[in-house]
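*Asks:* Handing you a structure now.
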Amino acid sequence: MGVQGKRLTIDPNLCTGCLICELICSFSKLRKFNPLKSALRIEFNYELSRLEGFNVCSQCGTCVTSCPVGAISKIDGIVIIDYDKCVGCLACVSRCPTGSIYVVDNKPYKCDLCGGTPLCVKYCVRGAINVV
Amino acid sequence: MSFKGYAGKILYVDLSRGKYWTQNIREDLIKAYVGGSGLAAYLLWNLVNESTHPLSPENPLIVATGPTTGTLAPSSGRFTLVSKSPLTGIWAESHAGGFLGPQLKYAGYDVLVITGRSDKPVSIIIDDDDVQFYDSTSLWGLNTRDTVNEIKGRLGKDYHVMCIGPAGERLVKFSSVMVDYYRAFGRTGLGAVMGSKRLKAVAIRGTKDVEVYDPGKYVEILDEILWINKEGPWALPAQLSLGRYGTPCLVTAMNAIGRLPTKNHWTGFWEEADKISGEALLRYRVARGSCFSCMIMCKHVTKVDSGKYEGAISGGPEYESVVALGSNLLISNIEAIIYMNSLCNLYGLDTISTGKVISFIFECYEKGLVTKDELGGLEALWGNEEAAIELIKMIAERRGIGDILAEGVRKAAEAIGRDSWKYALHVKGLEVSAQDPRAHKSVGCTWAISVRGADHLRSLTTVDELGYREIAAERFGADKVNDVCDRLTEKYKGLIVKDQEDLFALVDSLILCKYGTMWPPMYYFDFIAKILPPLTGIKEFGDVKYLRLTAERIANLKRCFNLREGVGRESETLPSRFTDEPMPTGPSKGHTCNLDPMLREYYEYRGWDYATGLPYEDTLIRLGLDYVAIELKKRYKLPRSFDG
């Protein structure tokens, strides 16, 4: 199954809640700015200015077997959706144990680590986001 | 609208009738005014005239974003409120960061225009195309934090909120509008405009996209922005100052050049400045924060954990607040300053005006112009934090002397009379900010010509203050470098203030933060010309000459707005403290500010008549402000041209 444990993590002690990660994610994937179409979701407490949580695909691969048309595969530790095969049944969305597959334009949508060099990591000036 | 980067719509809300409607924005207006405060200036010019009372239902509250809002443009999370000011009676403009502005854009609107007056307290809830009015009788009287929590609790955490506190409800003339807990539309009393409309809060959630004209090109620019902020020559200086300490990093730097307002601006140097410095505040920092889409990240949260002010928590205090409530009052207890800052934020008061109103009454007390009885038994002595705290409460609740002070320092001086006007530090009715024109001459020009009154954010220059010779040579020519970079000479300051006012007119229309444009001076007209065409698809924006003309148009329109209100050349003065009283102590000792030569130069570069303080008709026609020229002509406020 390739390299294990490739996923994004965010250090709450470093995150300032600027949401640049969400912006660059939606822009690189969809060519539009919309934090609600990011594959990485920040939950930030603005009163205490602190990261409360985040939701992003952990590349666990549970969704791979859920796909009735075999559109999802795990390559080199990264779970990838083949949109040429995907029929938009969203079975993967309901099977995802962490709720990290989102629906954008009726298609499942998740973090693919930008193929290995995630842009959110690159654009986080404080270095709060890392791949572990 | 065919342009990208914009939502393309204005949302109008009439609180008197409980109605709302939308209007498409004309493309020619976008090309002429860009967006943000530029577009808002055009709207306000047409929505009001000199007979509109600032607290009447007819005076609109304009909430505006610009083309960069909601994108990854640098420090572009800000948005603006524009109206006619209840404090000054003229142009009102205030900007805040946080996260609400982008939500307006994502909800599908560039601009929100609120008019009318509700019968009972109300809040506007915007969820994309759905606009609702919520009865807010139960929220009336709540402080800003409880209001935000109450609304988020009811609607969900994904809503972002701006609201007023008790000060805005009581129409305190310098009340603020608070955004996302700690960001503030501080200046010019816009909280009172909301209060007069019985509008407690605006909550917005947006789910739509912001599109870009040329994503491929925009990605390249984003990479450049990332480099500038991560590895560029300004990256480290910005991170070690603003990033590490937030704006209070300025306290030590300003004290070092004798520009730290102390004791109601009596002097610019304070021996105890270290006690209120960025370093001193660091001990109380509980979190580092930032605004939406910002790589500078100067917004922090501080909290007092023990002692008399235990539990006080707030964003900031910013440099302006630390000075206004600290050195300006000779209060060196940083915990008291944190507490006062949080108190102002909870009541919804502008910390700058609040601090300057209190220092005014302190000085009046010192000079025997008010008695202890008149102050309700307060010992208004320099450094008395209890008195200052009580005064904040009295102002917000309009109790006793607080009711007079709540009208701002100009009106308060009229009420107290005698020599008190000498200690009322304002221009055009707006209390002065935390600079000193004696130690930084161009500040004198900046304050005097500022369209919203004494204020740094319309044209403060750092090239002269910090002596950036290379930048000065690039922008103004090698022959002027020595004078431009000397903060203590008046020469060429009219020129650089005009240049900076134009730059800020554009920056406030995009909308970007002053950090990145004022200091560090990373982004100038050429950068804006680079970023706007791939974002919007408007190729004219790629021409620096076109952008400069647009900037001038916006700056002129705002100045003409004030002229129509009857506020012109005669109001472009400084308090006598800065022109007649030599700086008594510190590194800038002995200096005064000679305003006249700077103003003369400024007027020349503006193409306005110095003698009358009016624009030449030629100037307005050249800028495409024909409709403004017609209105001013009707009022006999338009000389034809210099030769005519």
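*Asks:* Please work out how much accessible surface B:Asp580 shows to a 1.4 Å probe, ignoring ligands, DNA and RNA, in Å² rounded to 10.
*Replies:* 110
*Asks:* Follow-up. Where does chain B land at 222 nm, in deg cm²/dmol rounded to the nearest 500, when only DSSP H runs of n ≥ 4 count, each adding -39500 (n - 2.57), divided by all residues?
*Replies:* Rounded to the nearest 500, it is -11000 deg cm²/dmol.
*Asks:* Hull surface divided by four, with the convex hull built on the Cα atoms of chain B: how many nm²?
*Replies:* 25.8
*Asks:* For the protein assembly as shown, how big is Rg over Rh, using alpha carbon atoms and the Kirkwood form of Rh?
*Replies:* Rg divided by Rh gives 0.97.
*Asks:* Express the C-alpha Rg of the range B:9-205 as a ratio against the empirical globular expectation 2.2 N^0.38 Å, rounded to two decimals.
*Replies:* Cα Rg divided by the expected 2.2 N^0.38 Å: 0.92.
*Asks:* Taking amide H positions as placed in the peptide plane 1.01 Å from N, state which residues far from B:Asp609 in sequence (5 or more) or on other chains have amide H under 5 Å from it.
*Replies:* For B:Asp609, the qualifying residues are B:Leu614, B:Tyr616.
*Asks:* Also, quick follow-up: Taking loop as defined by DSSP and a crowding limit of 15 other beta carbons within 10 Å, which trypsin sites (Lys or Arg not before Pro) in the range B:543-624 fit?
*Replies:* Answer by residue number: B:Lys589.
*Asks:* Continuing with this model, one more query. Could you tell me which residue out of B:Ala7, A:Ser58, B:Ala256 lies farthest along the dipole of the protein assembly as shown toward its positive end? Charges go on the beta carbon: Lys and Arg +1, Asp and Glu -1, centred on the Cα centre.
*Replies:* The listed residue farthest towards the positive side: A:Ser58.
*Asks:* How long, wide and thick is the range B:138-184, going by the Cα atoms along their three principal axes, in whole angstroms, largest first?
*Replies:* Taking the Cα atoms of the range B:138-184, the three principal extents are 32, 23, 10 Å.
*Asks:* With +1 on the Cβ of every Lys and Arg and -1 on the Cβ of every Asp and Glu, and nothing else charged, how large is the dipole of the protein assembly as shown about its Cα centre, in debye rounded to the nearest 20?
*Replies:* 1180
*Asks:* Could you calculate the FRET efficiency of B:Ala478 with B:Glu272 from 1/(1 + (r/R0)^6), where r is the beta carbon distance between them and R0 is 45 Å, rounded to 0.05?
*Replies:* Efficiency at R0 = 45 Å is approximately 0.60.
*Asks:* Here's something else I'd like to know. In the range B:178-283, which trypsin sites (Lys or Arg not before Pro) fall in coil by DSSP and have 14 or fewer other Cβ atoms within 10 Å?
*Replies:* Sites meeting the loop and neighbour criteria: B:Arg283.
*Asks:* DSSP loop (so not H, G, I, E, B), at most 16 other Cβ within 10 Å: list which trypsin sites (Lys or Arg not before Pro) in the range B:386-438 pass both filters.
*Replies:* In loop regions of the range B:386-438 (DSSP not H, G, I, E or B), the sparsely surrounded trypsin sites (Lys or Arg not before Pro) are B:Arg399.
*Asks:* Once you wrap a convex hull around the alpha carbon atoms of the range B:330-431, what is its projected area averaged over all directions, in nm²?
*Replies:* Its Cα hull, projected and averaged over all orientations, spans 5.7 nm².
*Asks:* If you plug each phi of the range B:598-611 into the Karplus form 6.51 cos²θ - 1.76 cosθ + 1.60 with θ = phi - 60°, what whole-Hz ³J(HN,Hα) values come out, in order, with x for Gly and Pro?
*Replies:* Running phi through 6.51 cos²θ - 1.76 cosθ + 1.60 with θ = phi - 60° gives 5, 5, 4, 5, 4, 4, 5, 5, 6, x, 10, 7, 5, 4 Hz.
*Asks:* What list of ³J(HN,Hα) values in whole Hz, one per residue of the range B:333-349 in order, does the Karplus curve 6.51 cos²θ - 1.76 cosθ + 1.60 (θ = phi - 60°) give from phi, with Gly and Pro shown as x?
*Replies:* 7, 4, 5, 5, 5, 4, 5, 5, 4, 5, 5, 4, 5, 5, 6, x, 10
*Asks:* Then there is this: For the cross-link pairs B:Lys197/B:Lys263; B:Lys105/B:Lys197; A:Lys37/B:Lys4; B:Lys493/B:Lys545; B:Lys491/B:Lys558; A:Lys122/B:Lys539, which exceed 27 Å when the distance is taken from alpha carbon to alpha carbon?
*Replies:* B:Lys197/B:Lys263; A:Lys122/B:Lys539
*Asks:* Something else about it: In sequence order, what are the phi-derived ³J(HN,Hα) couplings for the range B:164-178 according to the Karplus relation 6.51 cos²θ - 1.76 cosθ + 1.60 with θ = phi - 60°, rounded to whole Hz, with x for glycine and proline?
*Replies:* Karplus-based 3J(HN,Hα) across the range B:164-178 equals 10, x, x, 5, x, 4, 8, 6, 4, 5, 10, 6, 9, 10, 9 Hz.
*Asks:* What does the C-alpha gyration tensor say about the overall shape of the range B:441-634? Classify as rounded when a/c is under 1.5, otherwise prolate if a/b is larger than b/c, or oblate.
*Replies:* oblate
*Asks:* Taking a ≥ b ≥ c as the square roots of the eigenvalues of the Cα gyration tensor of the range A:1-67, is the shape rounded (a/c under 1.5), prolate (a/b larger than b/c) or oblate?
*Replies:* Oblate, since a/c reaches 1.5 and b/c is not below a/b.
*Asks:* How big is the accessible area of A:Leu36 in square angstrom, nearest 10, if you roll a 1.4 angstrom probe over the protein chains?
*Replies:* Per-residue accessible area (A:Leu36): approximately 80 Å².
*Asks:* Straight-line reach from B:Lys308: which lysines have a Cα under 21 Å away, not including same-chain ones fewer than 8 places off?
*Replies:* B:Lys308 reaches B:Lys275, B:Lys393.
*Asks:* I'm checking a number: the convex hull volume of the Cα atoms of the range A:31-70, normalised per residue, in Å³. What is it?
*Replies:* 116
*Asks:* Among the aspartates and glutamates, which fall within straight-line cross-link reach of B:Lys530, defined as a Cα-Cα distance under 14 Å, with same-chain neighbours fewer than 8 residues apart omitted?
*Replies:* Answer for B:Lys530, where 14 Å is the Cα cut-off: B:Asp214, B:Glu220, B:Asp223, B:Glu224, B:Glu540, B:Asp543, listed by chain and number.
*Asks:* I've got another one for you. What residues qualify as long-range amide H neighbours of B:Val286, i.e. H under 5 Å apart, gap of 5 or more or another chain, H built at 1.01 Å from N?
*Replies:* Distant-sequence amide H within range of B:Val286: B:Val301, B:Thr302, B:Lys303.
*Asks:* Cut-off under 19 Å on the C-alpha distance; same-chain residues fewer than 8 positions from B:Lys19 excluded. Which aspartates and glutamates are left, in chain and number order?
*Replies:* By straight Cα distance, B:Lys19 reaches B:Glu58, B:Asp110, B:Asp119, B:Asp127, B:Asp128, B:Asp129, B:Asp130, B:Asp135.
*Asks:* Here is a further query. Taking the Cα centroid of the range B:95-138 and of the range A:6-33, what is the distance between the two, rounded to the nearest whole Å?
*Replies:* 27
The values are calculated or read from the model by the stated rules, or taken from the named source; none is laboratory data. Small disclaimer: the values here were computed from a predicted structure and weren't measured. With ideal geometry, Cβ positions are generated from the backbone for all residues, glycine too; neighbour counts draw on all protein chains shown. For the accessible areas, the whole protein counts, side chains as well, though only heavy atoms, and no ligand, DNA or RNA atoms are used. Shrake-Rupley method; radii C 1.70, N 1.55, O 1.52, S 1.80 Å.
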